[in-house]
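Undergrad: Submitted below is the structure of interest, expressed as structure tokens.
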Amino acid sequence: MDMRNEAPLLEIDGLEVEFDTRRGVVRGLRGVDLKIGRGETLAIVGESGSGKSVTAQAVMGLIDVPGRIARGDIRWMGQSLVDDPKGDGRGVRGKEIALVFQDPMTSLNPLMKVGTQIAEVLTRHLGMGDEEARIRVLELLEAVGIPAPPRRAAQYPHELSGGMRQRVMIAMAIACEPKLLIADEPTTALDVTIQAQVLELIAGLQETLKLSVLMITHDLGVVAGLCDRIAVMYAGRIVETGFADEIFERPEHPYTQGLIRSTPRLDDRTERLTAIDGSPPNMLVPPAGCAFRPRCPVAGPDCEIEPPLVTTLPGKSVACWRSGTPAWPAPTGHIAAEVRTSPSELPDVRPILRVRDLGVDYEASTPGFWGRMRKISALKGVSFDVFPGETLGLVGESGSGKSTIGRAVLRRLEASEGRIFFKGRDITDLKGEALRQTRREMQLIFQDPYASLNPRMRVLDIVAEPLIVHGLIRKAEEGREEIGELLRLVGLPKDAHDRLPYAFSGGQRQRIGIARALALKPDFIVADEPVSALDVSVRAQVVNLLQDLQQELGISYLFIAHDLSVVRHISHRVAILYSGRMVEIADRETLYRSPCHPYTEALLSAVPVPHPATQRARKRLVYRGDIPDVAHWPSGCHFHGRCPLADQRCSIEVPRLTERSPGHWVACWHK
């Protein structure tokens with residue numbers, strides 16, 4: 001939408017935000033200029049720490065001590081919100097400008113029913129009475145696609161799924177029919193299928209309510225499908241802004257080029273992702289000149305002076321002395337289908353891991369004070385193989401049982417049925433020293449690089465811990481040389497030994513976790529969502545690192561993820577899990593080219609492609625509903641409640657995993 005000839009709703013002019021800390025002043029924003037027109041969708045994209053959320057918080061008046069707006073102005077329909085933050089601005093924020101937070105679970109009051117929380121907005125801003133607010137709450141819940149509004153309004157946040165909680169947040173945001181909706185990473189914590197539903201909802205509401213939307217995200221696929229204009233932010237500044245098609249087709253700033261190139265795509269068959277080396281600067285001491293200079297492949301002496309944001313084309317502005325210079329060459333990776341042959345296709349190769357009819361149960365109590373313990377199945381009849389030097393991608397929504405499989409394979413959970421074979425040996429019932437010795441060859445990379453590292457231990461001690469536990473060394477200092485080699489292998493600096501985790505970026509912390517997993521020289525690693533918490537640029541670094549380690553050391557991976565675009569780049573074969581059952585397994589190219597199960601088709605359709613024209617041309621399959629709760633598994637095929645092909649047989653009889661073509665296994669009555 002071209003808003004160039006209309007007065008903007010929101011204007012941000014030279015905005016600077018600072019935060020006082022014990023170590024000095026952190027410059028969160030360094031002169032941000034933005035405009036949003038009526039009915040327009042503007043996206044702010046950039047890595048964590050670039051200033052995206054700080055911009056939204058400043059607009060909403062949420063910058064509090066120790067933060068402050070140091071300079072600049074924010075104008076709403078010509079009225080300053082900075083000069084009068086507690087006056088008329090209070091009537092604007094929450095009523096005419098609404099905010100959807102990133103994590104609905106921490107944004108909703110866990111002690112209040114969701115209907116009461118939405119009604120509170122209506123009574124505070126619109127002065128509605130209790131009965132009028134109750135009726136409006138039900139209308140809002142219906143408008144955002146929540147089934148059975150009266151029942152859901154009477155529930156607490158923990159009783160709703162992640163997608164429903166995000167819909168409740170959106171219902172609260174649109175309750176007063178605002179003119180501007182600020183969505184701060186609204187889909188980051190959601191599965192791709194739920195993400196597709198939420199994005200479709202926002203697009204529909206924008207059309208119905210004539211909303212303007214400020215979308216904050218690091219997912220360029222989300223941007224491509226929804227936004228009119230894009231502003232790229234780095235180190236507290238806007239470095240490029242323009243219309244979405246123009247940004248994707250002809251990115252001018254090297255950072256924009258890097259973000260686009262490092263984003264994994266379903267339609268990209270190249271072998272490796274393009275990674276932006278390094279990490280964003282420490283904003284306690286911003287670098288002199290262009291903040292991107294230390295990471296920029298085309299930086300020169302003139303970059304020691306900070307470039308201004310200047311107009312290069314109508315509607316396009318860039319802050320770069322080398323504007324338009326290709327910073328990264330066009331992808332030259334080999335075509336994956338030709339070079340990443342799965343070891344399973346090689347003659348006389350036996351699996352390193354065989355899982356047959358795996359089931360995992362756990363005990364849970366029924367509701368109520370006198371609740372009884374009952375058995376609940378988390379997995380049922382799961383079978384698959386992993387071959388030496390192979391990566392098997394395991395994909396499914398949250399709650400499908402992916403992490404449960406990983407923990408059961410590593411014998412951190414007891415299998416209730418089925419068998420697990422590692423290197424030809426049945427390890428299902430191993431105990432004591434035999435299990436301990438087997439675990440030396442099977443390791444785990446955790447999802448969250450922040451929560452999985454002890455913040456009080458040096459990197460040397462963290463990586464040495466498994467060596468000490470298994471009796472290979474007595475103390476960390478004995479393994480300093482060996483650990484130094486591990487740190488070099490995963491690309492960490494030489495002085496990393498004696499530093500604490502807080503001194504490293506998210507990507508570097510994940511590399512520490514990988515080094516720890518490699519310390520015992522395992523043959524098999526379960527990588528449990530190892531890149532889902534990382535920015536796209538860092539994600540590319542870690543994915544490439546895992547591929548390099550596999551090539552060099554011959555490691556096998558069970559790569560757990562919900563993002564099929566990432567899985568495409570790293571996996572040889574892909575297994576799709578739904579509600580505790582395996583529904584499809586195939587080599588990567590077959591599965592992406594010819595998916596058979598309706599759930600696989602839905603997953604692939606829901607993954608956004610970071611290219612506006614491609615995204616608009618795609619046929620989207622948005623299947624309603626959520627994955628069943630393991631405590632209430634449906635009879636028959638677990639997907640039948642959301643499947644457009646389901647018939648009576650699907651609701652009664654469970655389909656078995658059947659080989660439809662060589663190496664392609666599907667569990668569906670209609671495929």
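Undergrad: Considering only region 266-307, how many residues are out of contact with any Gly (no Cβ under 8 Å at 6 or more places or on another chain) and over 25 Å from Arg509 (Cα atoms)?
TA: 13
Undergrad: Out of (1) part of a loop (DSSP other than H, G, I, E, B); (2) on the phi < 0 side of the Ramachandran plot, the odd one out for Glu433 is which?
TA: Here Glu433 clears every test but (1).
Undergrad: Then there is this: Return only the number of the condition from (1) surrounded by fewer than 18 Cβ atoms within 10 Å (Cβ to Cβ); (2) modelled with pLDDT of 85 or more; (3) on the phi < 0 side of the Ramachandran plot that His334 does not satisfy.
TA: Only one criterion is unmet by His334, namely (2).
Undergrad: So which residues in region 228-272 are in contact with a Ser or Thr (Cβ under 6 Å, 6 or more places away or on another chain) and either aliphatic (A, V, I, L, M) or in the same structural domain as Ala613 (by TED's automatic domain parsing) (or both), if there are any at all?
TA: Matches in region 228-272: Ala231, Val232, Met233, Leu266.
For every residue, the table says whether it meets (1) modelled with pLDDT under 90; (2) on the phi > 0 side of the Ramachandran plot; (3) in a helix (DSSP H, G or I); (4) under 28 Å from the mean Cα position of the chain (by Cα).
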residue: Cys320; (1), (2), (3), (4): no, no, no, no
residue: Ser323; (1), (2), (3), (4): no, no, no, no
residue: Pro329; (1), (2), (3), (4): yes, no, no, yes
residue: Asp357; (1), (2), (3), (4): no, yes, no, no
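Undergrad: Looking at region 296-318, which of its residues are in contact (Cβ under 8 Å) with a residue 40 or more places away in the chain, outside any loop (DSSP other than H, G, I, E, B) and under 16 Å from Lys35 (Cβ atoms)?
TA: Lys316, Ser317
Undergrad: Of all residues in region 551-574 being in contact with a strand residue (DSSP E or B) (Cβ under 7 Å, 6 or more places away or on another chain) and either of a type in the set (Val, Ile, Thr) or in a helix (DSSP H, G or I) (or both), which is nearest to Leu266 (Cα to Cα)?
TA: For region 551-574, the residue satisfying everything is Leu564.
Undergrad: I would also like to ask the following. Since Asp426 meets every condition but one in (1) exposed (fewer than 13 other Cβ atoms within 10 Å of the Cβ); (2) within 33 Å of the chain's Cα centre (by Cα); (3) among the acidic types (Asp, Glu), which condition does it not meet?
TA: (2)
Undergrad: Still on this structure: Restrict the check to region 608-619 and report whether at least one residue is touching a residue at least 60 places away in the same chain (Cβ under 8 Å) and part of a strand (DSSP E or B).
TA: No; the residues of region 608-619 include none that is touching a residue at least 60 places away in the same chain (Cβ under 8 Å) and part of a strand (DSSP E or B).
Undergrad: Would you check which residues across region 125-141 are surrounded by 14 or more Cβ atoms within 10 Å (Cβ to Cβ) and not β-branched (Val, Ile, Thr) and list them?
TA: Correct list: His125, Leu126, Met128, Glu132, Ala133, Arg134, Arg136, Leu138, Leu140, Leu141.
Conditions tested, residue by residue: (1) among the hydrophobic types (A, V, I, L, M, F, W, C); (2) free of Cβ contacts under 8 Å to residues at least 12 places away in the same chain.
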site	(1), (2)
Leu435	yes, no
Glu441	no, no
Leu444	yes, no
Tyr450	no, no
Val459	yes, no
Ile468	yes, yes
Lys475	no, yes
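Undergrad: Which of the following residues is assigned to a helix (DSSP H, G or I) and either charged (D, E, K, R) or surrounded by fewer than 15 Cβ atoms within 10 Å (Cβ to Cβ) (or both): Arg407, Arg456, Arg411? Give the derivation first.
TA: On the way: Arg456 fails: assigned to a helix (DSSP H, G or I); Arg411 fails: assigned to a helix (DSSP H, G or I).
That would be Arg407, the only listed residue that is assigned to a helix (DSSP H, G or I) and either charged (D, E, K, R) or surrounded by fewer than 15 Cβ atoms within 10 Å (Cβ to Cβ) (or both).
Undergrad: Among the residues of region 586-607, what is the count of those that are more than 30 Å from Ile247 (Cα to Cα) and assigned to a loop (DSSP other than H, G, I, E, B)?
TA: 4
Undergrad: Kindly provide the set of residues from region 198-216 that are closer than 20 Å to Leu621 by Cβ and acidic (Asp, Glu), ordered by number. Steps first, please.
TA: Pass one, region 198-216, residues closer than 20 Å to Leu621 by Cβ: 198-204.
Within region 198-216, just Glu200 meets the criteria.
Undergrad: Which residues, counting only those in region 626-669, are in a loop (DSSP other than H, G, I, E, B) and among the polar types (S, T, N, Q)?
TA: Matches in region 626-669: Ser635 only.
Undergrad: Out of all the residues in region 286-295, which are out of contact with any Lys or Arg (no Cβ under 8 Å at 6 or more places or on another chain), outside any helix (DSSP H, G or I), surrounded by 15 or more Cβ atoms within 10 Å (Cβ to Cβ) and modelled with pLDDT under 95?
TA: Gly289
Undergrad: Would you point out the residue of region 23-50, among those that are under 23 Å from Glu207 (Cα atoms) and basic (Lys, Arg), that is nearest to the chain's Cα centre (by Cα)?
TA: Across region 23-50, the extreme among qualifying residues is Lys35.
Undergrad: Tell me, yes or no, whether region 591-601 has at least one residue that is among the basic types (Lys, Arg) and surrounded by fewer than 18 Cβ atoms within 10 Å (Cβ to Cβ).
TA: Among the residues of region 591-601, at least one is among the basic types (Lys, Arg) and surrounded by fewer than 18 Cβ atoms within 10 Å (Cβ to Cβ), which makes the answer yes.
Undergrad: Now for a different question. Tell me which strands (runs of 3 or more DSSP E) are completely within region 9-121 and hold 1 or more residues being touching an Asp or Glu at 6+ places or on another chain (Cβ under 8 Å) and of a type in the set (Asp, Glu), or say none if there are none.
TA: On the way: elements: 10-21, 24-36, 41-45, 67-76, 97-100.
Strands (runs of 3 or more DSSP E) meeting the threshold: 10-21, 24-36, 67-76.
Undergrad: To continue, here is another question. Which pairs do you get when a residue that is assigned by TED's automatic domain parsing to the domain that holds Ala434, found in region 404-415, comes within reach of a residue that is in a loop (DSSP other than H, G, I, E, B) and surrounded by fewer than 19 Cβ atoms within 10 Å (Cβ to Cβ), reach meaning Cβ atoms under 7 angstrom, with the pair 6+ apart or on two chains?
TA: Close Cβ pairs satisfying both conditions: Thr404/Leu413; Arg407/Leu413; Arg411/Leu430; Ala415/Thr428.
Undergrad: Name the residues in region 500-529 that are in a loop (DSSP other than H, G, I, E, B) and modelled with pLDDT under 90, would you? It would help to see each step written out before you state the result.
TA: Within region 500-529, the subset in a loop (DSSP other than H, G, I, E, B) is 500, 504-505, 519-523, 529.
Scanning region 500-529 gives Phe504, Ser505, Glu529.
Undergrad: Still on this structure, please answer the following. Could you please let me know if Thr55 is modelled with pLDDT of 90 or more, of a type in the set (Ser, Thr, Tyr) and in the same structural domain as Arg237 (by TED's automatic domain parsing)?
TA: Yes.
Undergrad: Only one residue in Arg480, Arg488 is part of a helix (DSSP H, G or I) and at pLDDT below 90. Which one?
TA: On the way: Arg480 fails: at pLDDT below 90.
Of the residues listed, the single one that is part of a helix (DSSP H, G or I) and at pLDDT below 90 is Arg488.
Undergrad: Just checking, does region 154-172 include any residue being basic (Lys, Arg), in contact (Cβ under 8 Å) with a residue 24 or more places away in the chain and assigned by TED's automatic domain parsing to the domain that holds Arg265?
TA: No, there is no match, as no residue in region 154-172 is basic (Lys, Arg), in contact (Cβ under 8 Å) with a residue 24 or more places away in the chain and assigned by TED's automatic domain parsing to the domain that holds Arg265.
Undergrad: When region 190-236 is examined, which residues are found to be of a type in the set (A, V, I, L, M) and either in contact with a His (Cβ under 6 Å, 6 or more places away or on another chain) or under 16 Å from Val536 (Cβ atoms) (or both)?
TA: Val192, Met215, Ile216, Leu220, Val222, Val223, Ala224, Ile230, Val232, Met233
Undergrad: Going by what's in this entry, would Pro501 be described as free of Cβ contacts under 8 Å to residues at least 60 places away in the same chain, within 22 Å of Ala533 (Cβ to Cβ) and not hydroxyl-bearing (Ser, Thr, Tyr)?
TA: In short, yes.
The values are calculated or read from the model by the stated rules, or taken from the named source; none is laboratory data. Just so we're clear, the structure is a prediction, and the values are computed from it rather than from any experiment. Cβ atoms come from the backbone with ideal geometry, glycine included; neighbour counts cover every protein chain shown.
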